[in-house]
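Only one structure is covered here, and it is reproduced in the block below.
The values are calculated or read from the model by the stated rules, or taken from the named source; none is laboratory data. This structure is a prediction, so every number in the text was calculated from the model and none was measured. Note that we place each Cβ from the backbone using ideal geometry, even for glycine, and neighbour counts take in every protein chain shown. Only protein heavy atoms, including side chains, enter the accessible area calculation; ligands, DNA and RNA are left aside. Shrake-Rupley method; radii C 1.70, N 1.55, O 1.52, S 1.80 Å.
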Amino acid sequence: MTKWKEVKLADVCIKIGSGATPRGGNSVYLDSGEISLIRSQNVYNSGFSPSGIAYISSEHAKQLENVAVESEDVLLNITGDSVARCCQVPDEILPARVNQHVSIIRPDKLKLWPRYLRYILVSPKMQDYMLGLAHAGATRKALTKGMIESFQIPCPNLNTQKRIAEILGSLDDKIELNRKQNETLEAMARAVFQSWFVDFDPVIDNALAAGRPIPDEMAERAARRKHYKTKHPLPQAIQSLFPDRFDPSPLGPIPKGWTTLALSNMVKIIGGGTPKTSVHKYWGGDIPWFSVIDAPSDSDVFVIDTEKKITQEGLQNSSTRLLPEGATIISARGTVGKCAMAGKTMAFNQSCYGLLPGDEKSYYYAYFLVRLSVNDLQRSGHGSVFNTITRNTFEGINIIAPCDKTLTSFENMVSAHMEKIKTNLHEISNLTQLRDSLLPKLLTGEIEV
């Protein structure tokens, strides 16, 4: 029980209301623009997600002036499976509007601090309460304006609210900083892969230095490399690993000495499985068991924990297999093409494949190679109802295979970035646990601020 007085949300807010969809619906959405349209898919308790955000023209935005988002507004999902998810929007997303599935809650800052309100709404007690209300409807999950206005929330003095928000916010800020750092680190590692194994920049540089002819397909990039190389040269020991000319191949010009192979020749494919769910002793152990819901964002790369875990008996009495740390996992059914690297030893279900590098060393190369091949794998998938990747799909995808010394150099080049991503994820996990344990105690006054 809180020791603070409770107030009705309507009495401490200057706006509570849902958004709207512009005339024309999603047919008027833009891939880019100055004005964002925030939808329920962008709102998470862990924070705002820009993934898949839509944009609208200034003309359509004028139609939605009354649902414009202001800095520090609290957004609450009010319909569907994502009901009760809540966040605040970073200022860089503004100007923005919200659609009809999202409610804007704008506190009176002299009475209720916005970030404090956000933590109230994402607290376990309030989430349970809102979900209970939303599920009580006869037709669909929904929170009405009247329900939101009637919420009773603990309301200490404004300084205490700010201090609680500051404590919890400092943990969230560090979590967000780690995630942004992961985005940068992953992009750097991916850029090296693209430069070496897709664009062949070091080979172009060597060919230019040796006066070798450049294939027509690469002439434009070679012209850019003449300027670029003088500013960002590779160490000579690495540069010398690449040839200085190209050979023809079925896939176009490739570095001399490299080959074309089926993707299945570059990775070892391992199938997964699921212990019988009816046998309780197979579940609840300490072996992580991966399914597609555990897949991280592309920038986080690694899965370091899973929603479900199995026992040693479950492992031994099913077709699931253990993958070593560093193995790549790809979803093969339903949501096809979600990739992750195992951040620790783990098992996985039959809707995924585990992939090990053919040379048993180039784990990072194998991961980025599979990521690069996802679109081809999806296009080549089988199935009349659900697209499915099979072992034959991997055999039908051809790739350009570099020499072993180049692979070793790539692993050494990106390993520090990738290991830092993993370290950041473990820190995020620890910070999240700390925040979640502090949150209810701070919000009830059990811990003094």
Residue check: is residue 372 open to solvent by 10 Å² or more (accessible area, probe 1.4 Å) and at pLDDT 90 or above? yes
When you look at residue 123, is it small (Gly, Ala, Ser), open to solvent by less than 60 Å² (accessible area, probe 1.4 Å) and in contact with a strand residue (DSSP E or B) (Cβ under 9 Å, 6 or more places away or on another chain), yes or no? no
Scan 168, 263 and give me the residue that is buried (at least 19 other Cβ atoms within 10 Å of the Cβ), under 30 Å from residue 437 (Cβ atoms) and not small (Gly, Ala, Ser). 168
Condition (residue is at pLDDT below 90, exposed (fewer than 15 other Cβ atoms within 10 Å of the Cβ), among the β-branched types (Val, Ile, Thr) and farther than 30 Å from residue 168 by Cα) applied to the range 375-387: is it met by at least one residue? yes
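Yes or no, residue by residue, for (1) more than 29 Å from residue 370 (Cβ to Cβ); (2) of a type in the set (Val, Ile, Thr); (3) open to solvent by 30 Å² or more (accessible area, probe 1.4 Å):
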position: 217; (1), (2), (3): no, no, yes
position: 228; (1), (2), (3): no, no, yes
position: 236; (1), (2), (3): yes, no, yes
position: 271; (1), (2), (3): no, no, no
position: 276; (1), (2), (3): yes, no, yes
position: 290; (1), (2), (3): no, no, no
Could you run through the range 65-82 and say how many residues are open to solvent by 10 Å² or more (accessible area, probe 1.4 Å) and aliphatic (A, V, I, L, M)? 3
Given the conditions (1) farther than 23 Å from residue 6 by Cβ; (2) exposed (fewer than 14 other Cβ atoms within 10 Å of the Cβ); (3) in contact (Cβ under 8 Å) with a residue 24 or more places away in the chain, which single one is not true for residue 62? (3)
Report the residue count in the range 182-193 for those that are polar (S, T, N, Q) and surrounded by 15 or more Cβ atoms within 10 Å (Cβ to Cβ). 1
Residue within the range 249-269 that is touching a Ser or Thr at 6+ places or on another chain (Cβ under 6 Å) and among the charged types (D, E, K, R) present: no
Tell me, which residue of the range 30-41 that is free of Cβ contacts under 8 Å to residues at least 40 places away in the same chain and either at positive phi or polar (S, T, N, Q) (or both) is surrounded by the fewest Cβ atoms within 10 Å (Cβ to Cβ)? 32
Here the residues within the range 135-159 that are open to solvent by less than 70 Å² (accessible area, probe 1.4 Å), out of contact with any strand residue (DSSP E or B) (no Cβ under 6 Å at 6 or more places or on another chain), over 19 Å from residue 106 (Cα atoms) and touching a residue at least 40 places away in the same chain (Cβ under 8 Å) are 141
Filtering the range 42-57 down to residues that are assigned to a strand (DSSP E or B) and over 16 Å from residue 82 (Cα atoms), which residue is most open to solvent (accessible area, probe 1.4 Å)? 55
Mind checking which residues of the range 252-282 are in contact with a Gly (Cβ under 9 Å, 6 or more places away or on another chain) and among the aromatic types (Phe, Trp, Tyr)? 282
When both residues are 6+ apart or on different chains and their Cβ atoms are under 7 Å apart, which pairs have a first residue that lies in the range 14-26 and is over 18 Å from residue 144 (Cβ atoms) and open to solvent by 50 Å² or more (accessible area, probe 1.4 Å), and a second that is at pLDDT 80 or above and acidic (Asp, Glu)? 14/108
Of all residues in the range 397-419 being over 21 Å from the mean Cα position of the chain (by Cα) and either at pLDDT below 90 or loosely packed, with under 15 Cβ neighbours inside 10 Å (or both), which is nearest to residue 341 (Cα to Cα)? 412
Out of the residues in the range 423-446 that are more than 21 Å from the chain's Cα centre (by Cα) and open to solvent by 60 Å² or more (accessible area, probe 1.4 Å), which is modelled with the lowest pLDDT? 446
If only one of 8, 15, 109 is over 26 Å from residue 172 (Cβ atoms), of a type in the set (D, E, K, R) and at pLDDT 90 or above, which one is it? 8
